[in-house]
Amino acid sequence: MKVTIDLEKCYRSGECYYSHPEVFQSNDEGEPELAVKDVGTSELRQHAEQAADGCPAQAITVED
Ligand code: SF4
């Protein structure tokens, strides 16, 4: 499973890392990045999908 953040689309709302800090975090520039290397568990996957649904810029993609 692969989670991608498109920083071209992202407008740094912070919603992903505030709502799902177990999957996302902010880097020093305030850009979101993955907080975990493996999002293979069903719980983390569910949180990544929730973040993708909640991203106002539709910048997060979750793929198998
Ligand atoms: S929720 Fe979307 S727009 Fe907001 S910081 Fe995360 S990826 Fe960027």
Q.
How much length would be gained if the chain were fully extended between A57 and R45, taking 0.36 nm per residue of separation minus their Cα-Cα distance, in nm to one decimal?
A. 2.4 nm
Q: Return the carbon/sulfur percentage of the accessible area of the chain, one whole number, probe 1.4 Å, all protein chains in place.
A: 42 percent
Q.
From Cα pairs below 8 angstrom and at least 6 apart in sequence, can you work out the relative contact order of the chain, rounded to a whole percent?
A. 46 percent
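Rolling a 1.4 Å sphere over the protein heavy atoms, what is the accessible area per residue of the chain, to the nearest Å²? Intermediate values should be presented prior to the final figure.
Details: 4190 Å² over 64 residues.
Roughly 65 Å² per residue, with all protein chains present.
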(Q) Skipping prolines and chain starts, which residues have an amide H placed within reach, meaning under 5 Å, of the one on F24, given they are 5 or more residues away or on another chain? (A) A35
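The values are calculated or read from the model by the stated rules, or taken from the named source; none is laboratory data. All figures in this text were calculated on a predicted structure; none of them were measured in a lab. Please note that ligands, DNA and RNA were not included when accessible areas were found on the heavy atoms of the full protein model with its side chains. Shrake-Rupley method; radii C 1.70, N 1.55, O 1.52, S 1.80 Å.
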